[in-house]
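Heads up: the structure comes next, in structure tokens.
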Amino acid sequence: MLEAVFKVQAHDEWRRELISKYHAEITMLDCHEREEGGCKNLVEIRVDPIHMDLVMEEMHRNSTVADIDLDEVAKGTLRGAITTSVCLGCCTLVSGETFLVDVKMDEDGSIIQRIISKDRETVRQAMAKLEALGHNVTLEKLTTLEPDMYLTGYQEDVLMIAYERGYFDSPRKTDLKELASLFSVSIATMSEIIRKAQRKVLEEHFDERC
């Protein structure tokens, strides 16, 4: 299996405007392709509360945004679904031989996508799909993975939310109880998920240095 990291400059990218104008922090939590075209993204958007109304107006004005269903879950934090009329890249990559394991927004508004694919040809096909949508794609990284080296999508989500909510800060800004509640699991289960996920991250890090 191969791990590939793409940097995608998507056309009509609504997230780029929010980042450049309002310094928003955007996390893509999930993505589903729509039968009628486009995709539905589960997102979390963090922005200065004074810009909240402007951010909502910006999204409504974007030509690719078909529907917005967001709730303010905390001061300066929106979470919910953004439906787009065209696929901006995430759903396009998912296939029987390609798995999208991470999506992040770079400071310049580009999309950083990490995928797991079976071989180089599958990676090439994934890039071609993105380019066919009119996006500018750069292959940032391509490495070979052993099956036990990479996180599952669930572990990735848990670690990402734990990190963003300050679980690894000192002092901690959240705890196992809150994280367990978010993912509807017991505190003991959450502790084990984080322990195993951290071990995989450390193993990958030190393997690269050896």
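Each reported figure results from applying straightforward, stated rules to the coordinates on display, with no laboratory input. As the structure is a prediction and not an experimental result, all values here were calculated from the model. Neighbour counts run over all protein chains shown; Cβ positions are idealised from the backbone, glycine included.
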message: Between residue 202 and residue 138, how high is the FRET efficiency from 1/(1 + (r/R0)^6) when r is the Cβ-Cβ distance and R₀ = 45 Å? Nearest 0.05.
response: 0.95
field: Exceeding the 26 Å Cα-Cα cut-off - candidates 21/129; 21/200; 21/104; 104/141; 7/200; 104/173
entry: 21/129; 21/200
task: May I ask you to evaluate 6.51 cos²θ - 1.76 cosθ + 1.60, the Karplus curve with θ = phi - 60°, for each residue of the stretch 78-83 and list the ³J(HN,Hα) values in order in whole Hz, giving x for glycine and proline?
output: 10, 9, x, 10, 10, 9
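Kirkwood Rh and Cα-based Rg: tell me the resulting Rg over Rh for the chain, rounded to two decimals. Present the calculation step by step, with values, prior to reporting the outcome.
On the way: Rg = 17.7 Å, Rh = 18.3 Å.
Ratio of gyration radius to Kirkwood radius for the chain: 0.97.
Quick one: in the stretch 153-209, what % of C-alpha pairs are over 17 Å apart?
The share of Cα pairs beyond 17 Å in the stretch 153-209 comes to 36 percent.
Which whole-number percentage describes the relative contact order of the stretch 11-84, with Cα contacts under 8 Å and a sequence gap of 6 or more? Write down the numbers at each step before the final one.
Working: 119 pairs, mean separation 23.7, N = 74.
In percent, rounded to a whole number, it is 32.
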statement: The extension gain from residue 192 to residue 36, computed as 0.36 nm times the residue separation minus the Cα-Cα distance, is 52.1 nm
query: In debye, nearest 20: dipole of the chain around its Cα centre with unit charges on the Cβ of K, R (+) and D, E (-)?
result: 360
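Output the relative contact order of the stretch 16-134, whole-number percent, from Cα pairs under 8 angstrom with separation of 6+ residues.
Working: 201 pairs, mean separation 29.2, N = 119.
Answer for the stretch 16-134 is 25 percent.
For the stretch 11-84, what is the Kirkwood hydrodynamic radius in Å, using each pair of distinct C-alpha atoms?
Working: mean 1/r = 0.0809 Å⁻¹.
One decimal place: 12.4 Å for the Kirkwood radius.
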task: Please report the relative contact order for the chain, taking Cα pairs under 8 Å with a sequence separation of at least 6, and give it as a percent rounded to a whole number.
output: 25
message: If packing is taken as the average number of other Cβ atoms within 10 Å across a peptide's residues, how do 14-25, 58-69 rank, most packed first?
response: 14-25, 58-69
- prompt: From a point 7 Å beyond the Cα of residue 85 in the direction of its Cβ, which residues of the stretch 11-30 have a backbone N at a distance under 20 Å?
  reply: 11-18
Segments 111-117, 72-78 sorted - mean Cβ within 10 Å per residue, highest first: 111-117, 72-78
